[in-house]
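A.B. asks: Could you have a look at this structure, given as structure tokens, before my questions?
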Amino acid sequence: MRNLWIIAKRELYGYFTTPMAFVFIAIFVALTGAFTFYIGRFFDRGQASLETFFSFHPWLYLLLVPAVAMRLWSEERKSGTIEQLLTLPITTADAVLGKFLAAWIFCGIALALTFPLWITVSYLGQPDHGVIALSYVGSFLMAGAFLSIGACMSALTRNQIIAFIAAAAVCFVFTMSGLDLVLNFFRAWAPSFLVDVIAASSFLVRFESVTRGVMEFRDAVFFISMMAFWLFATTVAVDAKKAA
């Protein structure tokens with residue numbers, strides 16, 4: 001555990017030694033505001049709610065979170081520092097979890113900096129603060145699931161662009177899988193249990209229920225399970241590269 005935190009702090013410090021971290025956060029905050037107020041027509045809706053704000057999160061994460069994840073392992077492999085990292089007295093799991101935790105905290109900081117929207121909607125009306133707080137928790141968990149997929153894709157290649165495209169593609173599949181457009185394709189030939197599994201694996205469907213103020217235990221388990229699976233796959237991929 002101590003090694004995990006050492007790696008996490010080292011990685012998190014590394015984010016803020018370059019302007020890219022601040023650029024990313026500025027873009028994320030600007031896009032969430034623009035999507036909420038202009039595309040989501042916040043003022044025309046006449047509701048003291050951040051439902052519109054959260055409804056865009058899966059689509060923003062689809063592009064922005066893979067951008068954070070693409071450097072996690074690809075950069076280490078390209079620069080050759082991965083060998084140095086893995087020769088330290090730490091386990092591969094410590095390294096994978098430490099780097100993931102730093103990136104997840106970074107995403108959490110970006111998410112937390114959208115708090116002026118919460119203040120704005122509180123000033124304009126009387127929102128349900130419980131629903132908003134729950135939606136922030138759900139959004140943070142969903143960001144972790146997106147990030148774990150990106151970490152795995154980053155561990156498979158030393159090219160950051162390929163890692164970004166692969167992560168965005170896999171995340172897109174998990175985002176869209178619950179829509180009727182996709183499910184109707186499978187309903188034509190697949191057994192019903194398979195259709196149910198595909199529908200249940202959708203980030204979009206899971207997160208929509210959270211933004212309505214209903215976060216069932218199975219939704220939290222789903223996001224945590226996704227993180228556990230993809231981080232395990234990342235550990236296997238890093239070990240395989242180390243042994244090669």
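The values are calculated or read from the model by the stated rules, or taken from the named source; none is laboratory data. What you see is a predicted model; the values in this text were computed from it and never measured. Positions of Cβ are generated from backbone atoms using ideal geometry, with glycine treated the same way; all protein chains shown enter the neighbour counts. Heads up: the accessible areas ignore ligands, DNA and RNA and are worked out on the full protein's heavy atoms, side chains in. Shrake-Rupley method; radii C 1.70, N 1.55, O 1.52, S 1.80 Å.
A.B. asks: Condition check: within 30 Å of residue 79 (Cα to Cα), open to solvent by less than 10 Å² (accessible area, probe 1.4 Å), of a type in the set (Phe, Trp, Tyr) and modelled with pLDDT of 85 or more. Does residue 106 satisfy that?
C.D. replies: yes
A.B. asks: Also, quick follow-up: What do you reckon, is residue 33 in contact with a helix residue (DSSP H, G or I) (Cβ under 6 Å, 6 or more places away or on another chain) and farther than 23 Å from residue 159 by Cα?
C.D. replies: Numbers: in contact with a helix residue (DSSP H, G or I) (Cβ under 6 Å, 6 or more places away or on another chain): no; farther than 23 Å from residue 159 by Cα: yes.
Spelling it out, it is not the case that residue 33 is in contact with a helix residue (DSSP H, G or I) (Cβ under 6 Å, 6 or more places away or on another chain) and farther than 23 Å from residue 159 by Cα.
A.B. asks: Tally time: how many residues in the stretch 20-60 are out of contact with any Ser or Thr (no Cβ under 9 Å at 6 or more places or on another chain), at pLDDT 85 or above and open to solvent by 40 Å² or more (accessible area, probe 1.4 Å)?
C.D. replies: So the count comes out to 6.
A.B. asks: Would you say residue 185 is in contact with a helix residue (DSSP H, G or I) (Cβ under 8 Å, 6 or more places away or on another chain), of a type in the set (Phe, Trp, Tyr) and part of a helix (DSSP H, G or I)?
C.D. replies: No; evaluated as a whole, the condition is false for this residue.
A.B. asks: Right, something else. Kindly indicate whether any position in the stretch 198-211 is at pLDDT 80 or above, within 30 Å of residue 95 (Cα to Cα) and open to solvent by 30 Å² or more (accessible area, probe 1.4 Å).
C.D. replies: The answer is yes, given that some residue of the stretch 198-211 is at pLDDT 80 or above, within 30 Å of residue 95 (Cα to Cα) and open to solvent by 30 Å² or more (accessible area, probe 1.4 Å).
A.B. asks: Kindly indicate whether residue 82 is over 18 Å from residue 146 (Cβ atoms), part of a loop (DSSP other than H, G, I, E, B) and in contact (Cβ under 8 Å) with a residue 12 or more places away in the chain.
C.D. replies: Working: over 18 Å from residue 146 (Cβ atoms): yes; part of a loop (DSSP other than H, G, I, E, B): no; in contact (Cβ under 8 Å) with a residue 12 or more places away in the chain: yes.
Answer is no for this residue.
A.B. asks: Test residue 219 against the stated conditions and say whether it is in a helix (DSSP H, G or I), among the charged types (D, E, K, R) and open to solvent by less than 30 Å² (accessible area, probe 1.4 Å).
C.D. replies: yes
A.B. asks: Only one residue in 226, 176 is without any contact (Cβ under 8 Å) to a residue 60 or more places away in the chain and under 17 Å from the mean Cα position of the chain (by Cα), so which one is that?
C.D. replies: Sole residue among the options that is without any contact (Cβ under 8 Å) to a residue 60 or more places away in the chain and under 17 Å from the mean Cα position of the chain (by Cα): 176.
A.B. asks: Next question. Mind listing just one residue for me: the one in the stretch 230-244 that is open to solvent by 20 Å² or more (accessible area, probe 1.4 Å) and touching a residue at least 40 places away in the same chain (Cβ under 8 Å) and, of those, farthest from the chain's Cα centre (by Cα)?
C.D. replies: It comes out as 242.
A.B. asks: Condition (residue is on the phi > 0 side of the Ramachandran plot and either touching a Lys or Arg at 6+ places or on another chain (Cβ under 6 Å) or without any contact (Cβ under 8 Å) to a residue 12 or more places away in the chain (or both)) applied to the stretch 99-118: is it met by at least one residue? Even if it seems obvious, please write down each step before you answer.
C.D. replies: The initial filter retains those residues of the stretch 99-118 that are on the phi > 0 side of the Ramachandran plot, namely none.
No; the residues of the stretch 99-118 include none that is on the phi > 0 side of the Ramachandran plot and either touching a Lys or Arg at 6+ places or on another chain (Cβ under 6 Å) or without any contact (Cβ under 8 Å) to a residue 12 or more places away in the chain (or both).
A.B. asks: While we're on this one: Only one of 131, 195 is surrounded by 13 or more Cβ atoms within 10 Å (Cβ to Cβ) and farther than 30 Å from residue 43 by Cβ; which?
C.D. replies: On inspection, the qualifying residue turns out to be 195.
A.B. asks: Of a type outside the set (Lys, Arg) and open to solvent by less than 70 Å² (accessible area, probe 1.4 Å): is that true of residue 79 in this structure?
C.D. replies: Considered against the rule, which asks whether it is of a type outside the set (Lys, Arg) and open to solvent by less than 70 Å² (accessible area, probe 1.4 Å), residue 79 comes out as no.
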